[in-house]
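The values are calculated or read from the model by the stated rules, or taken from the named source; none is laboratory data. Given the structure is predicted, the values throughout are model-derived calculations rather than measurements. Because the Cβ atoms are built from the backbone with ideal geometry, glycine has one as well, and the counts that use them run over all protein chains shown.
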Amino acid sequence: MITKFTSQQQDLITSYQQKWRAISLSTERIDRKRALAVLEDVYNLYPEGHIMPEVIFFESPYAAFSAELIVATGNYNGLTDIEVSNQVASLQTLCGEGQVRSDLLWDLEANLSPTGLNPQISKEVWQILKKNLVDEVGSTIHEQLWEILWNWLNEKLCYELKDTPDAHTSFYENFIYSDSEWASYPGLLDFCINELNYQHDQEQWNVYQAVCIECGWWFIPTPTHYIICDRPTKLLLDDQDKLHADEEPAIQFADGFALYARHGEIYSTCFP
């Protein structure tokens, strides 16, 4: 078990942090051709059905949530509350429980962390790695966006489904909770694989890092769809790596969805 770093390993931690921070906070448009190639690898490694799920690209997370609103509030005229409720519950909402979201991270972590099945590093080393290489900045931004969009969607659903409260409850229960942890660990895993000789499944690692690089934070796998939301076109942070801008959006997407923030506190939202 590894209990301490060499001086060279200690120095390399920063370079791995910078490498993956740049990827996490990139504002480059997702290359759809490269993303599709990666998703084919995801499906080949973790097939969830007889055919590969349909890949749907959105300009922003807002666009994806808007699409869910349209599906969830379809024409239910003539249906009973129970029928509407059952239809909503069966929707392929952003459930995000695909294999890539679990196995590509947790199988790797199971044989790495002190609490794993076959731990290879000490608790002290693990804490240093998590503090420096787990992407808390990207995770925080993802969660802030999710909370705002979920509140927006829930308000819309409350109104659109006000005559069918059971449908609203079913939709709520079948919608994903905010969980961005799967995309927070490539820096830590990259360091452990290349600098600590962590024993791993190479194919699994190749797919996992490719998803993080090519598909971004908003890759959501379901049994029938792979949903990808493009990166922001603008992302401004303060010296504490919190969303911040004066008199302009701190984060903005191609379709116009944007957030205004000061030092991490969001004070206004712009919907297209």
Margin query: Return the residues of segment 232-247 that are touching a Phe, Trp or Tyr at 6+ places or on another chain (Cβ under 8 Å) and either farther than 19 Å from residue 144 by Cβ or surrounded by fewer than 22 Cβ atoms within 10 Å (Cβ to Cβ) (or both); say none if nothing qualifies.
Written below: 233, 245
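When segment 126-146 is examined, which residues are found to be of a type in the set (A, V, I, L, M), crowded, with 20+ Cβ neighbours inside 10 Å and either over 12 Å from the mean Cα position of the chain (by Cα) or at pLDDT below 90 (or both)? Full working, then the answer.
Taking segment 126-146 as the starting set, the residues that turn out to be of a type in the set (A, V, I, L, M) are 128-129, 133-134, 137, 141, 145.
From what's left, crowded, with 20+ Cβ neighbours inside 10 Å: 129, 133, 141, 145.
Result: 129, 133.
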Next item on the list: Report the residue count in segment 184-206 for those that are surrounded by 17 or more Cβ atoms within 10 Å (Cβ to Cβ) and without any contact (Cβ under 8 Å) to a residue 24 or more places away in the chain.
Entry: 1
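Within segment 35-43, does at least one residue satisfy the condition of being over 18 Å from the mean Cα position of the chain (by Cα), within 22 Å of residue 201 (Cα to Cα), part of a helix (DSSP H, G or I) and at pLDDT below 95? Explain how you work it out, then say what you get.
Within segment 35-43, the subset over 18 Å from the mean Cα position of the chain (by Cα) is 37, 40-41.
Checking the rest, the ones that are also within 22 Å of residue 201 (Cα to Cα) come to 37, 40-41.
Filter again for part of a helix (DSSP H, G or I), leaving 37, 40-41.
Next, only the ones that are at pLDDT below 95 stay: 40-41.
Checked against the condition, which is being over 18 Å from the mean Cα position of the chain (by Cα), within 22 Å of residue 201 (Cα to Cα), part of a helix (DSSP H, G or I) and at pLDDT below 95, segment 35-43 yields at least one hit.
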Next item on the list: Check residue 262 against each of (1) under 26 Å from residue 32 (Cβ atoms); (2) in contact with a His (Cβ under 9 Å, 6 or more places away or on another chain); (3) basic (Lys, Arg) and name the one condition it does not meet.
Entry: (1)
Margin query: I'd like to verify a number: residues in segment 211-268 that are assigned to a loop (DSSP other than H, G, I, E, B) and closer than 22 Å to residue 47 by Cβ, how many?
Written below: 4
